[in-house]
Amino acid sequence: MKRFLILLVLVSAAAVVRGEDPWSSEAMQKKYPLKVNKNQKPKSLAASWPRWALHSNLLGFVQFGPVVTGEYNITRQLTLSAHARFSSVGALTPILHQAETDNGGRPDSFSGIAFGGGPLWFFKVRKDKAYVGLIGEYEISDVLYLEDYVNEWNRDNRKIIVMANAGYRFMFGQKLIPASSRKGDLFLREGLFLNAGVYAGAERNEFKWDYTEPGVGADDLSPRKGKEIKPFGMLELSLGLEF
């Protein structure tokens, strides 16, 4: 009986010192705030992924113009892309505008640019990704033939291009960059990639042309405008970063 009374006195004394009721259920529980600030909530890695990507197809310099592309990831698989293609600096661009030999053959000067975009769907392959997509593009260009000749002429082009895009995204940064704890190294390691793929489709060109000198070609009854459809495609080798 004495031992019980001594234990009761010790428990009561401890409760008085702490200012708590020893028989209260709240005293036996850890108190947590009723509301948690949204900035303090733990973030799930499963629900987060890179939302943006930026890459450039430098192989376009030796084709029909380099391409700079931005992407927004709606989900882990579905992406919307927008790009600009600088067709005027593509080494093979003049081939697309080759005229008849009597009309000057290869153009003497060319200026143009194209804008486009479309959806991409990614398939997870370990750390890498395979992708397929549909790309639409609108190109504006101006071409000059027989420059400085009396029958110099130019053609104004308005192209609508539709292509399928397929390839493979190598996340080589995760494989080649050492796993340093520095933020810059981790950023590159997780986001650096290389795209290897192909664009294949067709272009519809609505064009107008005329002689640059007034009065030239008055007896030329050839149509000065028209439409044409040709195949179009490019190889892709793009370096980029997800973030």
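Remarks
- Test: residue in the range 113-136 that is acidic (Asp, Glu) and closer than 20 Å to Ala202 by Cα: no
- Residue count, the range 55-81 (criterion: touching a helix residue (DSSP H, G or I) at 6+ places or on another chain (Cβ under 8 Å) and aromatic (Phe, Trp, Tyr)): 2
- Hey, Arg106 touching a helix residue (DSSP H, G or I) at 6+ places or on another chain (Cβ under 8 Å) and at pLDDT 90 or above or not: yes
- Being within 19 Å of the chain's Cα centre (by Cα) and touching a residue at least 40 places away in the same chain (Cβ under 8 Å) is a condition met by at least one residue of the range 148-162.
- Ala13 in contact with an Asp or Glu (Cβ under 6 Å, 6 or more places away or on another chain), of a type in the set (Gly, Ala, Ser) and at pLDDT below 60: no
- Scanning the range 83-104 for residues that are in a loop (DSSP other than H, G, I, E, B) and touching a strand residue (DSSP E or B) at 6+ places or on another chain (Cβ under 8 Å) turns up Phe86, His97, Ala99, Gly104.
- Reported count of residues in the range 213-236, each being in contact (Cβ under 8 Å) with a residue 60 or more places away in the chain and within 15 Å of Val162 (Cβ to Cβ), is 4.
- Only residues that are small (Gly, Ala, Ser) and surrounded by 18 or more Cβ atoms within 10 Å (Cβ to Cβ) were counted across the range 118-142, and they come to 3.
- Pick from the range 170-181, criterion among the hydrophobic types (A, V, I, L, M, F, W, C) and over 22 Å from the mean Cα position of the chain (by Cα), ranking: modelled with the highest pLDDT: Leu176
- For the residues Leu54, Leu7, the requirement of being modelled with pLDDT under 95 and either part of a helix (DSSP H, G or I) or under 23 Å from Leu241 (Cα atoms) (or both) singles out Leu7.
This table checks each residue for (1) modelled with pLDDT of 95 or more; (2) not hydroxyl-bearing (Ser, Thr, Tyr).
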| site | (1), (2) |
| --- | --- |
| Gly116 | yes, yes |
| Arg126 | no, yes |
| Glu139 | yes, yes |
| Asn154 | yes, yes |
| Tyr168 | yes, no |
| Gly184 | no, yes |
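- Candidate set from the range 67-82 (those that are surrounded by fewer than 16 Cβ atoms within 10 Å (Cβ to Cβ) and either in contact with a strand residue (DSSP E or B) (Cβ under 8 Å, 6 or more places away or on another chain) or charged (D, E, K, R) (or both)); member that is farthest from Glu203 (Cα to Cα): Arg76
- From Tyr131, Tyr168, residue being out of contact with any Phe, Trp or Tyr (no Cβ under 7 Å at 6 or more places or on another chain) and of a type in the set (Ser, Thr, Tyr): Tyr168
The values are calculated or read from the model by the stated rules, or taken from the named source; none is laboratory data. Treat the numbers as computed from the prediction; the structure is a model and nothing was measured. All Cβ positions, even for glycine, are placed from backbone atoms using ideal geometry, and neighbour counts span all protein chains on display.
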